[in-house]
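Take a look at the structure set out below.
The values are calculated or read from the model by the stated rules, or taken from the named source; none is laboratory data. On a predicted model such as this, the values are computed, not experimentally measured, just so you know. Methodologically, a virtual Cβ is constructed for each residue, glycine included, from the backbone with ideal geometry; neighbour enumeration extends over all protein chains shown.
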Amino acid sequence: MVADVTVRPSRDEDMSAVTDIYATSVREETASFELAPPDEAEMRRRRDALLSAGYPHLVAEIDGRIAGYAYASAYRPRPAYSNTVENSVYVARWAQRKGVARRLMEELIRACSATGRRQMIAIIGGSRHKASIELHRSLGFEMVGVLKNVGWKHEQWLDTVLMQLPLGPGASRPPGADGEENEA
């Protein structure tokens, strides 16, 4: 079922709902390898750091209620990686299977492409996380690797699945070619 989903940049007043969505994921799922949910102050700090660095932080709404959120962040901190971002997307339990993650990811891809980023990496927690793997595949991500048994959470070893999507011209030409923007 696809709901009427509105995606927009997150605002301060969204952070309570964002914190709740992430806390549920940390406690009950494997998308994040974090073991204890951070409080709202920490989630605000993380969001502010992303926004200050020029990365998008988005929320999805259904009927005025926060249904999920997504953001891009640095793939790795060294300067040579500055054209590559890592994506993260989380959806409230009540809003899953309603097209929320897809809409968030479509907008996140668009926003990162608009800043001149060239690659997006998905690091998916658990090779059994089929919904996330299929979502990314349907958006054009290619499977590039699986790191086996690298995380221990919920009394089990977990893999991380690596998927990659070229953005804009990808690796076809150097960054900054043709006057494109890059806020790295």
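Quick notes
- Any chance Ser25 is closer than 13 Å to His154 by Cβ and under 15 Å from the mean Cα position of the chain (by Cα): yes
- Neighbours by Cβ (under 6 Å, 6+ apart or cross-chain): first from region 123-144, touching a residue at least 24 places away in the same chain (Cβ under 8 Å); second part of a helix (DSSP H, G or I) and among the polar types (S, T, N, Q): Ile124/Ser132
- One residue from Arg173, Arg93 being of a type in the set (D, E, K, R) and closer than 30 Å to Asp4 by Cβ: Arg93
- Considering only residues in region 33-52 that are of a type in the set (A, V, I, L, M) and touching a residue at least 24 places away in the same chain (Cβ under 8 Å), the one that is surrounded by the most Cβ atoms within 10 Å (Cβ to Cβ) turns out to be Met43.
- Scanning region 114-131 for residues that are outside any loop (DSSP other than H, G, I, E, B), buried (at least 20 other Cβ atoms within 10 Å of the Cβ) and modelled with pLDDT of 95 or more returns Met120, Ala122, Ile124.
So that you can scan it fast, the table gives a plain yes or no per residue for (1) in contact (Cβ under 8 Å) with a residue 12 or more places away in the chain; (2) in contact with a Ser or Thr (Cβ under 9 Å, 6 or more places away or on another chain); (3) on the phi > 0 side of the Ramachandran plot:
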| position | (1), (2), (3) |
| --- | --- |
| Val59 | yes, yes, no |
| Ile62 | yes, yes, no |
| Ile66 | yes, yes, no |
| Ala70 | yes, yes, no |
| Arg76 | no, yes, no |
| Ala80 | no, no, no |
| Val85 | yes, yes, no |
| Ser88 | yes, yes, no |
| Arg93 | yes, yes, no |
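- Here the strands (runs of 3 or more DSSP E) wholly within region 12-99 that include at least 1 residues being under 24 Å from Arg117 (Cα atoms) and among the polar types (S, T, N, Q) are 65-74, 84-91.
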